Amino acid sequence: MTETVFHRSKADLLPERPPPPGTAGAVGWVRENLFSSWTNSALTILSLYLLWLVVPGVFGWAFLDAGFAGTDRTACEGAGACWAWVDQRIGQFLYGFYPREQTWRVDLALLLLVPAAAPILFDKLPFGRKALWFSLAYPFLAVLILLGGFGLEEVPTDKFGGFMLNITIGLAGIIVSLPFGILLALGRRSQMPVLRLICIGFIEAFRGIPLVTFMFTAALLLPLFLPSHFNWDLVLRVIVVVTFYAAAYIAEVIRGGLQAIPRGQYEAAQALGLGYWQSMRLVILPQALKISIPGIVNTFIALFKDTTLVIVIGLFDILNIGNQMVANPDWLGLGLETYVFISVFFFVICFSMSRYSMHLERRLDTTRR
Amino acid sequence: MTGKPRHGPSLGRLWTDERVRGAIFQFLTVLGLIAFVWFLVANTSDNMAQIGMKAGFGFLGDQAFFDINQKLIDYTSTDTYGRALMVGLLNTLLVSVLGIVAATLLGFLMGVLRLSHNWLVARLATVYVETIRNIPLLLQVVFWWTLLTELPRVQESKSIAGLVFLNNRGVRMPAPVMEPGMGIVVVAFLAGIVAAFFVTRWATRRRMETGQPFPSIWVNLGLVVGAPVALFLLLGQPLHWDVPVLGTFNFSGGFRVTPELVALWWALTVYTGAFIAETVRGGILAVSKGQTEAAQALGLSRGATMRKIVLPQALRVIVPPLTSQYLNLTKNSSLAVAIGYQDLVSVGGTILNQSGHSIEIVGIWLAVYLSLSVGTSAFMNWYNHRVRLVER
């Protein structure tokens, strides 16, 4: 028996044929993703119909028919939005009652936030870890710039308002609530029963109760709890309750992270002779915080959105300023414009925060190589 | 240390003993806490003495002197503060229950749509979730409320098919009026649900034992819908609708829902729906692909795969965060205070302003919301225990 050996050269192969019509390219994509079945086609057509109903109308309202310039209500007689009005009041939206000639200080504080936040948010920057000293000094610097003193004109916090107030409260809450939340999470998992009970009580109380009630507490009860001569700033009180509130949520997020760390890591740290704080700082927390990042950022986003709640105790943040303007008889019927305008501010900041957290998750994901 | 004997009492050794150190630290913490609380209490009683106020819940029996337009139980301004708070609590529960039902439907729909194979639909659902989640809820509440109050006046109401009327005083819709006999239909409906439950259980057991399928869907549909409808027709349709009619100044007939309730309910639904959608999506994605493939290999259709294989397993992941979303919605209903929907916080705020009893009112708020949240976490623990994976 002779073995038959087949030799094939490239020339013997059939030439490549194009894919069946309508399965590749744009047409194929549309078929696959939009019209793969009857229900799918129906859904696509329904969605297109909805888009056709909504998009041209919204686009026309916001841009084509909108009035962009003018000084009073007559500037926008068209059917579209009246941005002229927003344009007139932009100063109040951003700075509240902060003295007009001093608003450069707000801008400066915001500008300095960039070099202060950059070394925390991104690695591979010039100056390396040394830049973190500036980040550490930034909160004090910002307080100094905003409040004044040392030659600058002093601005009391009741002049704070507009978006600047939201950012001030939100940023202060974010900066303080993270370390506080970490301590609470560690306390909740402590071996010491008394400490554990106190932390559990604190966390559950703040998580179980709406922030609105804490706003009332900040405005009405805190002054009652302290000596009467002790005059405490309202904005500071709000920052305190917002911080406590966010810290309780962050503590629960981090507790989840701590629970996800295998026992072996704790034992290995002990075996290396590390004390409690050393093992936490060098072994446990870096891993636990990494897992907790999405939850922590979500808490920050929630905190920032919750800064609007100050309106229930009469502070003039951007939303309250908007509310006042909507009620202004000279510019009646501009609710839609005002709230859409304010939404854009919050959306941009909160959306960037959530995108950044996704980026961070991918960067810190060491399990995938 | 080196010169001393290794055993025997020594202050230094005592300090290095972890348990002793822990005990001392805890003792100091308790002392500090007591001192702090004592400091607060002393200040508070001082301050209250200065403004001449007495603590206590006696004021709840005083006359309220304010009106509440949205109420589930009888209430007038001559009633007591206590009853006003009760009205507020019921309003909180009302908007929470309405919101939870609607947000669950919307959230599940959007969560499933985000995973749709249809590119356009998935994108639209994503846009909804990302937009709504990144805008403060309070802003949304105020936004919808402003839109509703900018609706035309009563005389120029927008009508939907001549049945539902929208105007700046809210939504007016037909009210069902029951006639004698309707009670029997309702009872039949409820009995149908109970019967359907038992039929399903029996059918499942029979299928488990014998492998024979039973058309339980059709039988149940007959029991729950068919029988009551037949009874309804048999009894001569003992129900009619009281349709609102526009008079000279206002509508007569029908019932009115205030713009505050509609705005709050709608905002809570849309906002919480976006979060529930994310929860649902995460839960479905958490079911391993092998389960779907195994179901397909068994020849189950895509709908059946979703219903019988994926969703039951996804629910295990979904329910705990879902209950905390429900709790969030209930807590968020307190934003009512910004638009004047008279919920517990809103009514409490009015009483607080009138009577000055801030400590007691805040105490009531804390007690109510804490018991709601404790109840929710109790349910969550029970459910987790029930659905946990039973492993060998």
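The values are calculated or read from the model by the stated rules, or taken from the named source; none is laboratory data. Keep in mind it's a predicted model, so treat the numbers as computed, not measured. A quick note on method: Cβ atoms are made from the backbone with ideal geometry, for glycine too, and the neighbour counts reach across all protein chains shown.
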### Query
Among the residues of region A:319-333, which ones are within 9 Å of another protein chain (Cβ to nearest Cβ) and part of a helix (DSSP H, G or I)?
A:Leu319, A:Gly322, A:Asn323, A:Val326
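Scanning region B:52-66 for residues that are within 14 Å of another protein chain (Cβ to nearest Cβ) and without any contact (Cβ under 8 Å) to a residue 24 or more places away in the chain, which turns out surrounded by the fewest Cβ atoms within 10 Å (Cβ to Cβ)? Give the derivation first.
If we filter region B:52-66 for residues that are within 14 Å of another protein chain (Cβ to nearest Cβ), which is where we start, we get B:52-55.
From the residues that got through so far, the ones that are without any contact (Cβ under 8 Å) to a residue 24 or more places away in the chain too are B:52, B:54.
Numbers: B:Gly52: 6, B:Lys54: 9.
That would be B:Gly52.
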#### Entry: Residues satisfying the stated conditions in region A:193-225, i.e. small (Gly, Ala, Ser) and surrounded by fewer than 18 Cβ atoms within 10 Å (Cβ to Cβ)
A:Gly201, A:Ala205
## Note on the structure
(1) within 10 Å of chain B (Cβ to nearest Cβ); (2) touching a helix residue (DSSP H, G or I) at 6+ places or on another chain (Cβ under 6 Å) all hold for A:Thr243 apart from (1)
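Okay, residues lined up against (1) in contact (Cβ under 8 Å) with a residue 12 or more places away in the chain; (2) under 30 Å from A:Ala84 (Cα atoms):
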| position | (1), (2) |
| --- | --- |
| A:Pro20 | no, no |
| A:Gly25 | no, no |
| A:Ile45 | no, no |
| A:Val55 | no, yes |
| A:Phe63 | yes, yes |
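Can you tell me how many residues within region A:10-42 are over 40 Å from the mean Cα position of the chain (by Cα) and either over 23 Å from B:Val121 (Cβ atoms) or part of a loop (DSSP other than H, G, I, E, B) (or both)?
Of the residues in region A:10-42, the ones over 40 Å from the mean Cα position of the chain (by Cα) are A:10-24, A:38.
Remaining after also requiring either over 23 Å from B:Val121 (Cβ atoms) or part of a loop (DSSP other than H, G, I, E, B) (or both): A:10-24.
So the count comes out to 15.
Can you pull out the strands (runs of 3 or more DSSP E) entirely within region B:67-186 that have at least 1 residues that are free of Cβ contacts under 8 Å to residues at least 24 places away in the same chain?
Numbers: elements: B:158-160, B:164-167, B:170-173, B:175-178.
Passing ranges, in order: B:158-160, B:164-167.
Can you tell me which of A:Thr308, A:Thr338 is polar (S, T, N, Q), in a helix (DSSP H, G or I), facing another protein chain (nearest Cβ under 9 Å) and touching a Leu at 6+ places or on another chain (Cβ under 6 Å)? Explain how you work it out, then say what you get.
Numbers: A:Thr338 fails: touching a Leu at 6+ places or on another chain (Cβ under 6 Å).
Criteria check complete, one pass: A:Thr308.
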### Query
So is B:Leu60 modelled with pLDDT under 85 and outside any helix (DSSP H, G or I) or not?
no
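Just give me the residues in region A:304-351 being in contact with a Cys (Cβ under 7 Å, 6 or more places away or on another chain) and among the charged types (D, E, K, R), in sequence order. Talk me through it step by step, then tell me what you get.
At the first step, the residues of region A:304-351 found to be in contact with a Cys (Cβ under 7 Å, 6 or more places away or on another chain) are A:304-305, A:334, A:337.
A:Lys305, A:Glu337 - these are the residues of region A:304-351 that are in contact with a Cys (Cβ under 7 Å, 6 or more places away or on another chain) and among the charged types (D, E, K, R).
Looking at region A:220-228, can you tell me whether even one residue there is within 12 Å of chain B (Cβ to nearest Cβ), farther than 30 Å from A:Leu121 by Cα and of a type in the set (Gly, Ala, Ser)? Walk me through it before giving the result.
Of region A:220-228, the ones within 12 Å of chain B (Cβ to nearest Cβ) are A:220-228.
If we keep only those that are farther than 30 Å from A:Leu121 by Cα as well, we get A:220-228.
This time we only want the ones that are of a type in the set (Gly, Ala, Ser), so: A:228.
Yes, region A:220-228 contains a residue that is within 12 Å of chain B (Cβ to nearest Cβ), farther than 30 Å from A:Leu121 by Cα and of a type in the set (Gly, Ala, Ser).
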### Query
Residue check, A:Trp277 against (1) away from every other protein chain (no Cβ under 11 Å); (2) under 18 Å from A:Gly173 (Cα atoms), all met but one. Which one?
(2)
### Query
Listed residues A:Met358, A:Met353; which is more than 30 Å from A:Leu222 (Cα to Cα), more than 9 Å from every other protein chain (Cβ to nearest Cβ), under 21 Å from the mean Cα position of the chain (by Cα) and part of a helix (DSSP H, G or I)?
A:Met358
